[in-house]
Amino acid sequence: MAQLWGGRFTKETDQLVYNFNASISFDKKFYKQDIAGSRAHVKMLAKQGILTEEERDAILQGLDGIERDVENGTLEITSEYEDIHSFVEANLIQRIGDAGKKLHTGRSRNDQVALDMKLYTRDELIAIDGELKELLSELLNLMEEHIGTYMPGFTHLQKAQPITLAHHIGAYFEMFKRDRGRLGDIYRRMNYCPLGSGALAGTTYPLDREYTAILLGFDGPTLNSMDSVSDRDYLIELLSALSTVMMHMSRFSEEIIIWNSNEYQFVELDDAYSTGSSIMPQKKNPDIAELVRGKTGRVYGALMSLLTTMKGLPLAYNKDMQEDKELSFDAMDTVKGCIALFRGMVSTMRVRKDRMENSAKNGFTNATDAADYLVNHGVPFRDAHGIVGRLVLHCLEKGISLDEMSLAEFREISPVFEEDIYDAISLKTCVEKRTTIGAPGKAAMEAVIRQEKQYLEEKQPWE
Ligand code: ARG
């Protein structure tokens, strides 16, 4: 048990209490950020004349040594310390002696942990954004490749109108694009530095908070010390944005699971991204897509958990907030891992164009276009809808599709039909005539793809 605060106590902490209270088993994850924060803090203390230059240099050297030794494995972060802050400080004192005892001047673990968590989260947010960007470029490749791959579009999971695979994937492109937008917004709001807020009420030392904020890459210092040490909004926002990312990936995963099923066979997942069954030799299961779908619950859970932890907490710091870490780390790791795997899975899956196109041909996905044909020949839409309904019924009875009907059969139901009806309801026409922006027609899709390429060149606020 190595603690920073024994002075006013007359008894040792109970071992169970110590274990219950300690956070080192998980906050060791941000040792780098803790050291980076301390570096900025001592540079500022020396600049303000609170530490001498020699003391500053000794501390900086000591911190470098700790970081290097942790990295090369010669220094292990053990549970003999209460938290990562105690670990670094105790090690520093062991290394450089009395100067090390000055590191914590004008600082509290409350502003320290607020800073560490923000720095860590900021790094993770940027890394997750990078993963999303890579996923988007992969999706854009697929969109370019499948601009002419026809497939049925669904509503209620019933065939509705024909689209292309590029158009379908494009819908997910929009979702992940919005996800990146949310990450950018969160970054802009969170990028203010809490260091220098002390335990809750600032300090009496002449700290230069602007200076540490700039050294640590923030846009400025936070403006209220009570809020600074107790704000976890940015984590809640991030967990909410990550939940949305997972929701999007789980929807896409669900579609891939359906497309990969024996009944659909629209795609075939690569062997490297599938798993087998221990009993059924024929099986090739889409476990990655299922796990991505499944892990969505875990990320939602983190969001609900932190919201609940923060509910009703009085100002300022309360130990409850230590609970922000494990769930946030887990959610960030989960999302990063899921995006990378998901990207690998979609980029290697085999697309069965023939199966998709055949499926689009059957199931009357061109019924709306047949009605539009009548409208273009002067029939009011509501009447046209009724006529085509009768055509569909006729086809269902005969077990054929609309384009397999003879012209005589068409004309028996409505004399408005002419020979050009076959062209008007061909799969190609149905898709390619839809050229308003956002629609699946080739011309519209090409314009969108050009725009998305430009979008991928745009910079995020930290770039
Ligand atoms: N481990 C603590 C946390 O994660 C660090 C802050 C401790 N502050 C305190 N006053 N005990 O929140």
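The values are calculated or read from the model by the stated rules, or taken from the named source; none is laboratory data. Predicted, not measured: the structure shown is a model, and the values here were computed from it. Note: ideal-geometry Cβ built from the backbone for every residue, glycine included; neighbour counts use all protein chains shown. For the accessible areas, the whole protein counts, side chains as well, though only heavy atoms, and no ligand, DNA or RNA atoms are used. Shrake-Rupley method; radii C 1.70, N 1.55, O 1.52, S 1.80 Å.
The table below lists the values:
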quantity	calculated
Count of region 203-215 residues which are in a loop (DSSP other than H, G, I, E, B) and either closer than 9 Å to S228 by Cβ or open to solvent by 40 Å² or more (accessible area, probe 1.4 Å) (or both)	4
Filter result (within 16 Å of the ligand (Cβ to nearest atom) and buried (at least 16 other Cβ atoms within 10 Å of the Cβ)) within region 80-102	Y81, E82, D83, I84, H85, S86, F87, V88, E89, A90
From L307, L303, L315, residue being within 17 Å of the chain's Cα centre (by Cα) and either open to solvent by 40 Å² or more (accessible area, probe 1.4 Å) or touching a residue at least 12 places away in the same chain (Cβ under 8 Å) (or both)	L303
Of residues in region 216-243 being open to solvent by less than 60 Å² (accessible area, probe 1.4 Å) and of a type in the set (A, V, I, L, M), the one farthest from M190 (Cα to Cα)	L242
Residue selected from region 109-155 under the condition touching a strand residue (DSSP E or B) at 6+ places or on another chain (Cβ under 7 Å) and open to solvent by 40 Å² or more (accessible area, probe 1.4 Å), by the criterion nearest to the ligand (Cβ to nearest atom)	F154
Scope region 156-185; condition part of a helix (DSSP H, G or I), open to solvent by 10 Å² or more (accessible area, probe 1.4 Å) and in contact with a strand residue (DSSP E or B) (Cβ under 8 Å, 6 or more places away or on another chain); matching residues	H167, H168
Helices (runs of 4 or more DSSP H) (entirely within region 359-435) containing at least 2 residues that are within 30 Å of V448 (Cα to Cα)	367-376, 421-424, 427-432
Residue that is farthest from E80 (Cα to Cα), among those in region 1-17 that are away from the ligand (no atom under 13 Å from the Cβ) and open to solvent by less than 60 Å² (accessible area, probe 1.4 Å)	G6
Candidate set from region 158-187 (those that are among the β-branched types (V, I, T) and over 14 Å from the mean Cα position of the chain (by Cα)); member that is nearest to A370 (Cα to Cα)	I163
Test: E446 is open to solvent by less than 30 Å² (accessible area, probe 1.4 Å), under 18 Å from A171 (Cβ atoms) and either out of contact with any helix residue (DSSP H, G or I) (no Cβ under 6 Å at 6 or more places or on another chain) or at pLDDT 95 or above (or both)	no
Long-range neighbours under 6 Å by Cβ, at least six apart or interchain, first residue free of Cβ contacts under 8 Å to residues at least 60 places away in the same chain within region 196-217, second outside any loop (DSSP other than H, G, I, E, B) and among the hydrophobic types (A, V, I, L, M, F, W, C)	A213/C193
Failed criterion for I421 (all others in (1) farther than 30 Å from Y187 by Cβ; (2) among the aliphatic types (A, V, I, L, M); (3) without any contact (Cβ under 8 Å) to a residue 24 or more places away in the chain; (4) in contact with a helix residue (DSSP H, G or I) (Cβ under 8 Å, 6 or more places away or on another chain) hold)	(3)
Matching helices (runs of 4 or more DSSP H) fully within region 12-109 where at least 2 residues are of a type in the set (S, T, Y)	31-47
Lone unmet requirement of (1) out of contact with any helix residue (DSSP H, G or I) (no Cβ under 7 Å at 6 or more places or on another chain); (2) closer than 30 Å to Y317 by Cα; (3) loosely packed, with under 15 Cβ neighbours inside 10 Å for K283	(2)
Any pair with Cβ under 8 angstrom, 6 or more apart, that starts in region 18-37 at a residue that is without any contact (Cβ under 8 Å) to a residue 60 or more places away in the chain and ends at one that is within 11 Å of the ligand (Cβ to nearest atom)	K28/I84; Y31/I84
Enumeration of residues in region 248-265 that are in a loop (DSSP other than H, G, I, E, B) and in contact with a strand residue (DSSP E or B) (Cβ under 7 Å, 6 or more places away or on another chain)	N260
Out of K295, K311, sole residue that is touching a Cys at 6+ places or on another chain (Cβ under 7 Å) and under 24 Å from F329 (Cβ atoms)	K295
